[in-house]
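**Student:** This is the structure I have questions about; it appears just below.
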Amino acid sequence: MFFDIGPLELVALVVLAVLVFGPDKLPKVIQDTMAFIRKVREFSDSAKEDIRRELGPEFKDFEFEDLNPKTFIRKNLMSDEDEYGLKELRDLGSSLDLRKEMAEVTDAVNGVETAAPAAARTSSAAGAKGPSTPDRLRKREQLDDDEPPPFDADAT
């Protein structure tokens with residue numbers, strides 16, 4: 001129904017209200033509650049109008065809902081994707097090959113020469129393993145007999 005309250009829960013609340021306040025006082029309690037809610041709304045609306053008036057004419061279209069961070073971001077950043085270049089960034093992100101970039105960085109750090117980009121694309125497209133550089137990101141199945149196991153300082 002409303003406020004995520006089901007019909008059974010609403011019936012339970014009504015029965016509880018009748019038990020607590022009694023059938024003769026319940027209409028008066030409901031009227032008092034509604035009057036209190038109206039006064040709170042009026043107070044809130046007048047406070048908003050006072051704040052808008054004090055801020056001046058440059059903030060006449062100011063909405064208090066914009067103070068919510070999600071609403072602010074949705075309204076100011078997400079609506080104008082093309083203006084801020086977000087679409088181009090998404091296109092760039094989808095065209096990146098992270099494994100290839102990481103392999104190039106690893107090879108550069110270890111001092112291994114890489115093949116020319118065009119040759120690498122040709123060999124990878126053909127599926128040939130030939131003289132291409134080893135993939136340092138892939139784990140080896142077995143260590144050599146005299147080789148100690150790898151040590152990862154971040155993992156310990």
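The values are calculated or read from the model by the stated rules, or taken from the named source; none is laboratory data. Because the structure is a prediction, the values reported are computed rather than measured. In this analysis, Cβ positions are derived from the backbone assuming ideal geometry, glycine residues included, and neighbour counts consider all displayed protein chains. Just so you know, the surface numbers come from the protein's heavy atoms only, side chains and all, with ligands and any DNA or RNA stripped out. Shrake-Rupley method; radii C 1.70, N 1.55, O 1.52, S 1.80 Å.
**Student:** When you look at residue 67, is it open to solvent by less than 100 Å² (accessible area, probe 1.4 Å), at pLDDT below 80 and under 27 Å from the mean Cα position of the chain (by Cα), yes or no?
**Tutor:** no
**Student:** Take region 1-16 and flag every residue that is surrounded by 10 or more Cβ atoms within 10 Å (Cβ to Cβ) and part of a helix (DSSP H, G or I).
**Tutor:** Selection gives 9, 10, 11, 12, 13, 14, 15, 16.
**Student:** List every residue pair whose Cβ atoms lie under 8 Å apart, where the two residues are 6 or more positions apart in sequence or sit on different chains, the first residue falls within region 48-73 and is free of Cβ contacts under 8 Å to residues at least 24 places away in the same chain and of a type outside the set (A, V, I, L, M), and the second residue, located anywhere, is assigned to a helix (DSSP H, G or I) and open to solvent by 80 Å² or more (accessible area, probe 1.4 Å).
**Tutor:** 52/59; 66/72; 66/75; 71/65
**Student:** Moving on. Only residues that are open to solvent by 100 Å² or more (accessible area, probe 1.4 Å) and modelled with pLDDT of 80 or more: list them for region 70-100, please.
**Tutor:** 70, 99
**Student:** Here is a follow-up. Of these, 128, 118, 108, 103, which one is modelled with pLDDT under 75 and assigned to a helix (DSSP H, G or I)?
**Tutor:** It is 118.
Condition check ((1) part of a helix (DSSP H, G or I); (2) exposed (fewer than 10 other Cβ atoms within 10 Å of the Cβ); (3) under 35 Å from the mean Cα position of the chain (by Cα)) across all residues:
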{"site": "18", "(1), (2), (3)": "yes, no, no"}
{"site": "28", "(1), (2), (3)": "yes, no, no"}
{"site": "31", "(1), (2), (3)": "yes, no, no"}
{"site": "45", "(1), (2), (3)": "yes, no, yes"}
{"site": "51", "(1), (2), (3)": "yes, no, yes"}
{"site": "54", "(1), (2), (3)": "yes, yes, yes"}
